[in-house]
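The values are calculated or read from the model by the stated rules, or taken from the named source; none is laboratory data. Being a predicted model, the structure only gives us computed values, none of them experimental. Positions of Cβ are backbone-derived with ideal geometry, glycine not excepted, and every protein chain shown enters the neighbour counts.
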2 protein chains.
Amino acid sequence: MEIKVVRKVLDVNDTMAARNRELFRSKNVFVLNMMSSPGSGKTTTLEKTLALLAPDVRCAVIVGDVCTTNDADRLARSGVPVVQVNTDAFGGDCHLAAHVIEKAAMDLDLDQADLLIVENVGNLVCPAEFDIGEDARAVVLSVTEGEDKPLKYPLMFRVCDAALLNKTDLLPHLDYDKAAALENIRQIHPQMPIFEMSARTGAGLAPWVEWLKDQVKHKIR
Amino acid sequence: MEIKVVRKVLDVNDTMAARNRELFRSKNVFVLNMMSSPGSGKTTTLEKTLALLAPDVRCAVIVGDVCTTNDADRLARSGVPVVQVNTDAFGGDCHLAAHVIEKAAMDLDLDQADLLIVENVGNLVCPAEFDIGEDARAVVLSVTEGEDKPLKYPLMFRVCDAALLNKTDLLPHLDYDKAAALENIRQIHPQMPIFEMSARTGAGLAPWVEWLKDQVKHKIR
């Protein structure tokens, strides 16, 4: 019963996601959906990524949180157009749904963007279930979260196209088996590129940014 | 429309949670619902807590994950009865609902327990919305997650009765404003006790365990 209800919500979402996808294609903009647990370092990663993409790639950002505009305030400093979505206006939703993205995108001039990055609500479960019309998905995983998250939250790692293993600067201070973590990601999604990085120090960010540039280049003309 | 559907699911859940609460009362067992982001250290905290509660308090555990029995395997080593719930059997649910707890509790001998601890699915949003018939709720927040999580996920901090600020052993290696984090928790829930601890080193666990023992003592006879 509960599952049937959820199925219906997802069907409606898929229809709206297809409409978003058509809009983004017509605007010639590549859309990246960034997802993770709360506190994995998505916003810091995004700040550094935006700095490395400029001026080659013109970016815009939609950032989702249940509450606060903290992340939008931080990202606005990069000079990139940012729209904040607070899901508490929709009953505290735990993810960004396609219709929310459609509405947020109206507040951006997509003709002036090559790449729209969506920073989803911090949640390793629900956002993976909601197509928003994106071209690629990336999951950020902090090494402080332990090695087993890919096995515990397999859908997230299955639907993503890249994994960012973040906060590697903390590795000397953790009991962390990095080989096991990489193996767990590969077990769920064998071909997915994995970028080890520290958004805080900037170490390891370049290969990720190159990968993202390549993705954008392949879509937009 | 989506909100109406969610409301109905929550109403059904509340009815079942009330039934659970009646069961737990009749069995004279105190129920703690432990919630957090993925990777905050819930399971390590629980392992250490169980060790400190024995032999005074007889415990049982229900542990929820989308997938894997990793946590149940770890907790079973403590000698405490453990039931693992995998929500992928219910469409990959992002939380433990009351009917799931009712079913899991049937696999435990509640006559032999004073305290049932439910380790919820790692998720700072959805579990806060689902009453499972518990007596108290605790949220574990790792210092690696940043200072702003209470403001971004206010419902979780509003509904909880205690906050565990975990992984304090990593503070020397982080840019973390602990005073701001504590202030953010207090802004959402002024009277809530906050326990600073490192489950890994064991530092700071005793006051939390004493608090929990007190809670249990006040309910069971």
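Of all the listed residues (B:D88, B:D114), the sole one being more than 28 Å from B:H218 (Cβ to Cβ) and among the charged types (D, E, K, R) is B:D88. Across segment A:176-219, the number of residues qualifying as modelled with pLDDT under 95 and under 18 Å from B:K167 (Cβ atoms) comes to 0. Restricting to segment B:100-115, what's the tally of residues that are under 20 Å from B:A18 (Cβ atoms), assigned to a loop (DSSP other than H, G, I, E, B) and touching a strand residue (DSSP E or B) at 6+ places or on another chain (Cβ under 7 Å)? Summing the residues that are under 20 Å from B:A18 (Cβ atoms), assigned to a loop (DSSP other than H, G, I, E, B) and touching a strand residue (DSSP E or B) at 6+ places or on another chain (Cβ under 7 Å) in segment B:100-115 gives 1.
Scanning segment B:63-116 for residues that are over 24 Å from B:T15 (Cβ atoms), facing another protein chain (nearest Cβ under 10 Å) and crowded, with 24+ Cβ neighbours inside 10 Å turns up B:D65, B:V66.
Selection of helices (runs of 4 or more DSSP H) fully inside segment A:121-221 by the criterion of at least 2 residues being among the polar types (S, T, N, Q) and touching a helix residue (DSSP H, G or I) at 6+ places or on another chain (Cβ under 8 Å) returns A:178-188.
Tell me yes or no: at least one residue of segment A:148-160 is in contact with a Lys or Arg (Cβ under 6 Å, 6 or more places away or on another chain) and either closer than 25 Å to B:A199 by Cβ or crowded, with 22+ Cβ neighbours inside 10 Å (or both). Yes, segment A:148-160 contains at least one residue that is in contact with a Lys or Arg (Cβ under 6 Å, 6 or more places away or on another chain) and either closer than 25 Å to B:A199 by Cβ or crowded, with 22+ Cβ neighbours inside 10 Å (or both).
The residues of segment B:88-99 that are among the small types (G, A, S), without any contact (Cβ under 8 Å) to a residue 12 or more places away in the chain and assigned to a helix (DSSP H, G or I) amount to a single one, B:A89. Selection within segment B:117-147: residues that are away from chain A (no Cβ under 12 Å) and within 19 Å of B:R19 (Cβ to Cβ). The member of this set that is surrounded by the fewest Cβ atoms within 10 Å (Cβ to Cβ) is B:A136. Can you tell me which residue is nearest to A:L155 (Cα to Cα) among those in segment B:60-87 that are part of a strand (DSSP E or B) and more than 14 Å from the chain's Cα centre (by Cα)? Per the stated criteria, the residue is B:N86.
Rundown of residues vs (1) within 23 Å of A:M197 (Cβ to Cβ); (2) among the polar types (S, T, N, Q); (3) not in a strand (DSSP E or B), yes/no style:
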residue	(1), (2), (3)
A:M16	no, no, yes
A:L32	yes, no, no
A:T43	yes, yes, yes
A:T49	yes, yes, yes
A:L52	yes, no, yes
A:P55	yes, no, yes
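Check whether at least one residue in segment A:192-200 is out of contact with any His (no Cβ under 9 Å at 6 or more places or on another chain), free of Cβ contacts under 8 Å to residues at least 40 places away in the same chain, within 28 Å of B:F90 (Cβ to Cβ) and surrounded by fewer than 24 Cβ atoms within 10 Å (Cβ to Cβ), and report yes or no. So far as segment A:192-200 goes, yes, one or more of its residues are out of contact with any His (no Cβ under 9 Å at 6 or more places or on another chain), free of Cβ contacts under 8 Å to residues at least 40 places away in the same chain, within 28 Å of B:F90 (Cβ to Cβ) and surrounded by fewer than 24 Cβ atoms within 10 Å (Cβ to Cβ). Looking at segment A:112-123, can you tell me whether even one residue there is at pLDDT 95 or above, under 17 Å from B:L151 (Cβ atoms) and among the polar types (S, T, N, Q)? Yes: one or more hits.
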